[in-house]
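Have a look at the structure below before the remarks.
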Amino acid sequence: MNRTVCIAAVLSALCLVVCSCTQVEAAGVQKGIGAGDANIERTKWWREARFGMFIHWGLYAVPAGQWHDTVSEHDYGEWLMFHLKVPVAQYEQIAKKFNPVKFDAEEWTKLARTAGMKYMVITSKHHDGFAMFDSKVTEYNIVDATPFGRDPMKELAQACGKEGVKFGFYYSVDRDWHHPDAEGNTWDYPDESKKDFQKYLDEFAMVQIAELLTQYGPLGILWFDGIGKKTDAQNEAILGLMQKHQPNCLVNSRLGDWKTFKWGDYRSMDDNEVPDRGLDYGWENPGTLNNSYGYNKHDHDWKGPGEIIEMLVDIVSKGGNYLLNVGPKADGTIPPESVSILKAVGKWMDKYGESIYGTSASPIGQPEWGRCTAKAGKLYLHVFDWPGDGQLVVGAVKNKVKRAYMLADPGKKGLGFVQSSNGDVVVRIRGAGVSAETLDPSDTVVVLEIE
Ligand code: H79
């Protein structure tokens, strides 16, 4: 059975439970290392996880959006070198000041777990070219070039193993502003005709990718950030490395062009992008808590925990995963604003995680009052806007509803409901079973058990 047929089978099985799968868009072409049934099997843990921690940490955490007296006009702190055209020789000096003595791998991993995140993806090398891991191919790495001298990736890989969090690496594969043969640095290396991209891949990037695949134990994901620079043969060569060293490691679509889904086990959407409706293939939103990925001391535009919870639910209701970013500071701590948002999200997840993990896209579209996620025999109604008249109207549920209850009610006391012949259900949420403890200001979940 090929991949499309297989997904169709899953969807039609869902349609047997609940009708109206009309809001799901069809897949494009995909070329990963695991197509068809193999892809379904390999991505199982990832599809069930739904929520992960993205970490952008690198030399850019030191300038944190400001180079001497110049504040970058752009939010992305990790783009500082590019935006201010900082010469390589000057940017390299940052390494001597990078000494994140407060870094504690267990603390970061425990924060991810507390927030309800099941996997972690961290920048091993961003576009600035600095390796945040012990690389033998260059001394421009955290072990050799900084006073810190430790390999934080090794510590994180171990902490994640201990805490049961899947661990993976982000790797900027096309762009490298430090390397004369890679994409992007036109201020130090203006002569494009002298650039030998294949040489950069063969002698540098591929060697580092092999290091990542062999030095840190089993990886969940290699998360490439590319811009479609590589040829099919070059992408195949990277997949070959993965196949050789870690055939179960997932790869995201940005191995190729980041706007399309030609490569990878799942699709990475654009930064912070959420599609209008559900997609019939795995996708992931790389999201930020403020506007920057890397730590930017001038970016105070933090989202609220309620906004993040609604974002998570919106994404999951459309069949996606949320890879939510933190940008640790140069001292090794995660900004307190991020910690506090993630802890609040974690409290909600403690109560409502059942309606997120292992669920699939909404089979009833996007109701006015919120969103819906689904599991075999259950619909989770995520009520963002609690209806003032105490009646929750759920359209087009073709299967017979057996029971309704508040997910946060330990006694699962039944709520009154009526279902009309066209499938519409009205749940009476005023009165029985509804108490202050079972209502949540961001998203209260009502469960419908269906035949
Ligand atoms: O790692 C994060 C970004 O740094 C990276 N992807 C996420 C996960 C990224 N690489 N490229 N891009 C994002 C898109 C580049 C957009 C740009 Fe711009 C538009 C570069 C210059 C103008 C965004 C807006 C960055 C600066 C201004």
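The values are calculated or read from the model by the stated rules, or taken from the named source; none is laboratory data. Here the structure is a predicted model, which is why all the values come from computation and not from measurement. When we count neighbours, we look across all protein chains shown, and the Cβ atoms used for this are built from the backbone with ideal geometry, even at glycine. SASA here: full protein model, heavy atoms, side chains in, ligands and nucleic acids out. Shrake-Rupley method; radii C 1.70, N 1.55, O 1.52, S 1.80 Å.
Here are the numbers for this structure:
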read-out	value
The range 281-291 - residue that is closer than 14 Å to Arg47 by Cα and either among the charged types (D, E, K, R) or part of a loop (DSSP other than H, G, I, E, B) (or both) and, of those, nearest to the ligand (Cβ to nearest atom)	Glu284
Where a residue in the range 431-443 is at pLDDT below 85 and its partner, wherever it lies, is open to solvent by 50 Å² or more (accessible area, probe 1.4 Å), with Cβ under 6 Å and at least six apart	Gly433/Lys413
Residues that are open to solvent by 20 Å² or more (accessible area, probe 1.4 Å) and not in a loop (DSSP other than H, G, I, E, B), drawn from the range 193-203	Ser193, Lys194, Phe197, Gln198, Lys199, Asp202, Glu203
From the options Val425, Val447, residue that is at pLDDT 90 or above, in contact with a strand residue (DSSP E or B) (Cβ under 8 Å, 6 or more places away or on another chain), buried (at least 19 other Cβ atoms within 10 Å of the Cβ) and farther than 18 Å from Val313 by Cα	Val425
Matching entry among Gly240, Gly278, Gly304, Gly294 (being on the phi < 0 side of the Ramachandran plot and within 16 Å of the ligand (Cβ to nearest atom))	Gly294
Flag if Leu415 is surrounded by 16 or more Cβ atoms within 10 Å (Cβ to Cβ), touching a residue at least 24 places away in the same chain (Cβ under 8 Å) and touching a Gly at 6+ places or on another chain (Cβ under 6 Å)	yes
Test set (1) more than 16 Å from the ligand (Cβ to nearest atom); (2) open to solvent by less than 50 Å² (accessible area, probe 1.4 Å); (3) assigned to a loop (DSSP other than H, G, I, E, B) - Pro190 fails condition number	(2)
Selection from the range 46-85 of residues that are more than 14 Å from the ligand (Cβ to nearest atom), aromatic (Phe, Trp, Tyr) and in contact with a strand residue (DSSP E or B) (Cβ under 8 Å, 6 or more places away or on another chain)	Trp46, Phe51
Selected residue [at pLDDT 95 or above and away from the ligand (no atom under 16 Å from the Cβ)] from Val121, Val88	Val88
Long-range neighbours under 6 Å by Cβ, at least six apart or interchain, first residue within 11 Å of Phe167 (Cα to Cα) within the range 219-233, second buried (at least 16 other Cβ atoms within 10 Å of the Cβ) and among the acidic types (Asp, Glu)	none
Qualifying residues in the range 140-179 (those that are among the acidic types (Asp, Glu) and touching a residue at least 40 places away in the same chain (Cβ under 8 Å)) - the one surrounded by the most Cβ atoms within 10 Å (Cβ to Cβ)	Asp174
The range 250-275 - residue that is under 12 Å from the mean Cα position of the chain (by Cα) and not in a loop (DSSP other than H, G, I, E, B) and, of those, nearest to the ligand (Cβ to nearest atom)	Ser268
Test result for Asp389, in a loop (DSSP other than H, G, I, E, B), over 31 Å from the mean Cα position of the chain (by Cα) and of a type in the set (Asp, Glu)	yes
The range 73-99, subset assigned to a loop (DSSP other than H, G, I, E, B) and either among the charged types (D, E, K, R) or touching a residue at least 24 places away in the same chain (Cβ under 8 Å) (or both), residue nearest to Gly129 (Cα to Cα)	Glu92
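Conditions (1) of a type outside the set (Ser, Thr, Tyr); (2) open to solvent by 10 Å² or more (accessible area, probe 1.4 Å), marked per residue:
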{"site": "Asp314", "(1), (2)": "yes, yes"}
{"site": "Asn325", "(1), (2)": "yes, no"}
{"site": "Lys329", "(1), (2)": "yes, yes"}
{"site": "Leu342", "(1), (2)": "yes, no"}
{"site": "Lys347", "(1), (2)": "yes, yes"}
{"site": "Ser355", "(1), (2)": "no, no"}
{"site": "Ala361", "(1), (2)": "yes, yes"}
{"site": "Ile364", "(1), (2)": "yes, yes"}
{"site": "Gly370", "(1), (2)": "yes, no"}
